[in-house]
Amino acid sequence: MTIPTLLTNDNIISIAPAAGSYSPVAKASARYSFVPTLTVVDALRDVGWFPISAEQSHARLEERFGFQQHMIRFARQGLDTKGERVDMLLWNSHDLGSSFKLITSVWRYACGNGLMVSSEFANFTHRHVGFDIDALISSALEIANASALVSDQVEAMKIITLNSNERGVFAASAHRLIYDNPKKAPVGPEQLLSARRYDDRRMDDLWTCFNLVQENLIKGGIRGQKFNAAGQLKRVTTRPVKALNRNVKLNQALWYLTEKMRELKSSEHN
C-alpha cells in the first residue's frame, strides 16, 4: 500500500483557508507566539510526514473566520499494516481556541475510517505561548516510532471475539457518549452495530465492532424516529459529526472504551 495523493500548501489553503493564516485573531496578546500552520506543515514534510487531507470547523463569529480550528492528516511511508495505515493528525487554530496538537490515527482502508488513538504515548500538545517547533518535530518522530505499538494494539483487537451480549454492552456504552438520554435517542444502541459492508457482517471481533460503531456514530446516516415539539413521532436520519473538537473527543473516547474492553477480555485468559 502506498501513500495517497499528497497535498501542496495551495491545496491545503483551498480546502481549509484557516490553515493559511499568516496572523492570529486580532485579540491575541503579545505573549502569543504566532507560528503559521503551513510553517509546521513544511517542517513535518522535511522529516517524512506528508499532508494528504485537510478540513476546518465552522466559524460562528465573523471575526474568527480564517482563524478557526483546522485539522490536517499526514501519512508516512512504511506505516501500512494489514488493511490499515498509521497516520498523524495536526490540529490547530489561530483564534486562541486550540494549541498545536499531534494525534495518532489509524486509517482503515475498507471504509475510510480515521480512528484516533487516545493513549498518552500517541498524542502531544504544544502551546502557542513559548512554542518550540523542534519539540513538535520530536513529537512527530515519536509518533512514527510508536506506530508499531499502535499496530500491535490493532492486531490484538482483531483476535478478540465478542459474544452478542458483549457487543451489546459495547454499543450501549458508545451510545451514551453521544446521547445524554438514551431513551429519547432517535436510534438504539443495536443500530450502531449495523454493518455497511458484507464482510463486516460476518465478523464478531473487537476491532470490527469498534469500526462499526465508530463509522455509524461519526458518519451518521442511520434511520430512526423521534418525537418533535408537537409530540408527533417523526422519521429522522442521524447526522454526521462535523465539528472537529467533537469528532476528536468522540473518536478518542471510543478508542479508550475499546482498549478497556481489550484489557478486560485479555484478563479472562490470564
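Numbers at a glance
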quantity	calculated
Residue in segment 64-79 that is in a helix (DSSP H, G or I), of a type in the set (D, E, K, R), modelled with pLDDT under 90 and outside the structural domain of residue 216 (by TED's automatic domain parsing) present	yes
Total residues in segment 248-270, condition farther than 20 Å from residue 121 by Cα and either among the acidic types (Asp, Glu) or free of Cβ contacts under 8 Å to residues at least 60 places away in the same chain (or both)	5
Subset of segment 177-189 [surrounded by 14 or more Cβ atoms within 10 Å (Cβ to Cβ) and either outside any loop (DSSP other than H, G, I, E, B) or of a type in the set (Asp, Glu) (or both)]	177, 178, 189
Boolean, residue 49 is in contact with a Lys or Arg (Cβ under 6 Å, 6 or more places away or on another chain), closer than 30 Å to residue 157 by Cβ and at pLDDT 95 or above	yes
Hits in segment 80-124 (condition: part of a loop (DSSP other than H, G, I, E, B) and among the hydroxyl-bearing types (Ser, Thr, Tyr))	81, 93, 98, 99, 109, 118, 119
Residue among 85, 73 that is in contact (Cβ under 8 Å) with a residue 60 or more places away in the chain and of a type outside the set (A, V, I, L, M)	85
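Yes/no matrix, rows are residues, columns are (1) at pLDDT 90 or above; (2) surrounded by 12 or more Cβ atoms within 10 Å (Cβ to Cβ); (3) touching a helix residue (DSSP H, G or I) at 6+ places or on another chain (Cβ under 8 Å):
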{"residue": "6", "(1), (2), (3)": "yes, yes, no"}
{"residue": "14", "(1), (2), (3)": "yes, yes, no"}
{"residue": "22", "(1), (2), (3)": "no, no, no"}
{"residue": "25", "(1), (2), (3)": "no, yes, yes"}
{"residue": "33", "(1), (2), (3)": "no, yes, no"}
{"residue": "41", "(1), (2), (3)": "yes, yes, yes"}
{"residue": "44", "(1), (2), (3)": "yes, yes, yes"}
{"residue": "57", "(1), (2), (3)": "no, yes, yes"}
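The values are calculated or read from the model by the stated rules, or taken from the named source; none is laboratory data. The shown structure was predicted, so the numbers you read here are calculated from the model rather than taken from an experiment. Cβ sites come from the backbone with ideal geometry, for glycine too, and all protein chains shown count toward neighbours.
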